[in-house]
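A.B. asks: Pasting in a structure now, in structure tokens, and then I'll have a few things to ask.
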Amino acid sequence: SLLDVVVNNNLDFDGYGACEGTLTCSTCHVILKKEDYDRLPNDPGEEEMDMLDLAYELSDTSRLGCQIT
Ligand code: FES
């Protein structure tokens with residue numbers, strides 16, 4: 001997932017991925033360009049949508065990084 005990329009490369013995004021991909025936070029929120037959003041192979045599931053509702057500055061092209069595979 002995108003979260004794995006951040007973790008595996010020791011990218012220093014403070015607090016990113018606090019729940020380690022268990023869909024209990026929204027710290028991995030990313031806002032994608034429309035063309036990138038449309039290219040993702042999976043749509044957000046119901047649990048992801050619920051967590052996205054809590055995300056800061058939610059947009060039409062928001063996803064949770066831990067769910068982007
Ligand atoms: Fe917590 Fe993605 S890391 S929801």
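The values are calculated or read from the model by the stated rules, or taken from the named source; none is laboratory data. What you see is a predicted model; the values in this text were computed from it and never measured. When we count neighbours, we look across all protein chains shown, and the Cβ atoms used for this are built from the backbone with ideal geometry, even at glycine. These area figures cover heavy atoms from the full protein model, side chains too; ligands, DNA and RNA do not enter into them. Shrake-Rupley method; radii C 1.70, N 1.55, O 1.52, S 1.80 Å.
A.B. asks: Taking the Cα centre as origin and putting +1 on Lys and Arg beta-carbons and -1 on Asp and Glu beta-carbons, what dipole magnitude results for the chain, to the nearest 20 debye? The partial results should precede the final answer.
C.D. replies: Details: 4 positive and 15 negative charges, 44 e Å.
Computed charge dipole of the chain: roughly 220 debye.
A.B. asks: Could you check how much of the accessible area of the chain is carbon and sulfur, as a whole percent, using a 1.4 Å probe?
C.D. replies: 48
A.B. asks: Quickly work out the Ser59-to-Thr22 label distance, labels modelled 7 Å from Cα along the C-beta direction, and quote it in nm with one decimal.
C.D. replies: For Thr22 paired with Ser59, the spin-label model returns 3.0 nm.
A.B. asks: Put a dot 7 Å past each Cα toward the Cβ at Asn8 and Tyr37; how far apart are the dots in nm?
C.D. replies: Label at Tyr37, label at Asn8, 2.7 nm between them.
A.B. asks: So, one more: Region 45-59 to region 1-42: how many Å between their Cα centroids?
C.D. replies: 13
A.B. asks: Over the chain, give the accessible area per residue in Å² for a 1.4 Å probe, as an integer.
C.D. replies: 69
A.B. asks: On to the next question. Which of the trypsin sites (Lys or Arg not before Pro) found in region 1-57 are in a DSSP loop and have at most 16 neighbouring Cβ atoms, other than their own, within 10 Å?
C.D. replies: Here the sparse-neighbourhood loop sites are Lys33.
A.B. asks: Take the Cα gyration tensor of the chain, multiply each eigenvalue by 5, square-root it, and list the three semi-axes largest first, rounded to whole angstrom.
C.D. replies: They are 17, 14, 11 Å, listed largest first.
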